[in-house]
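Shown next, in structure tokens, is the structure this report addresses.
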Amino acid sequence: MSPTELTRIAPIGLRVDGNTAFDQIVPILAYVGMVVISFPSFRDGRGFTLATTLRRHGFSGELRASGSILPDQLAALRQCGFSSIETPPAHPPAQWQAAASSFSEARPLLKHLLAQRSSVK
């Protein structure tokens, strides 16, 4: 689709896997109001990296996490710039609300890992 065609149907959303290269998204990012990043496994952290990269490059639209994510990952999701989640059936919204009320910021190890990621460019 050309940028002109994208402008006619804007705002649009884009669903990508966590392993999607940022360079593949750049050409249409200006026309996208929301990016949904799918996590194939809760152990796969590539979606966190992609989210962080999108925010660092100025994406200010909605950034949604989807797929195999855990309530324990809520702090990391916030730190990486996610603005919403698509709750998986195995973890209903009540579990996410409990996770949100149990802490207000990332744990020390997570902070350390995020700081290391920030220093590597």
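The values are calculated or read from the model by the stated rules, or taken from the named source; none is laboratory data. What you see is a predicted model, and the numbers here were worked out from it, not measured in a lab. Positions of Cβ are backbone-derived with ideal geometry, glycine not excepted, and every protein chain shown enters the neighbour counts. These area figures cover heavy atoms from the full protein model, side chains too; ligands, DNA and RNA do not enter into them. Shrake-Rupley method; radii C 1.70, N 1.55, O 1.52, S 1.80 Å.
Assorted remarks:
- Cα convex hull of the range 43-107, projected area averaged across orientations, nm²: 4.4 nm²
- Residue-level accessible surface for PHE59, protein heavy atoms, 1.4 Å, Å²: 20 Å²
- Residues with amide H under 5 Å from that of VAL36, placed H, sequence gap 5 or more: LEU14, ARG15, VAL16, ARG64
- For the pair ARG78 and GLN95, label points projected 7 Å from Cα toward Cβ lie 1.9 nm apart.
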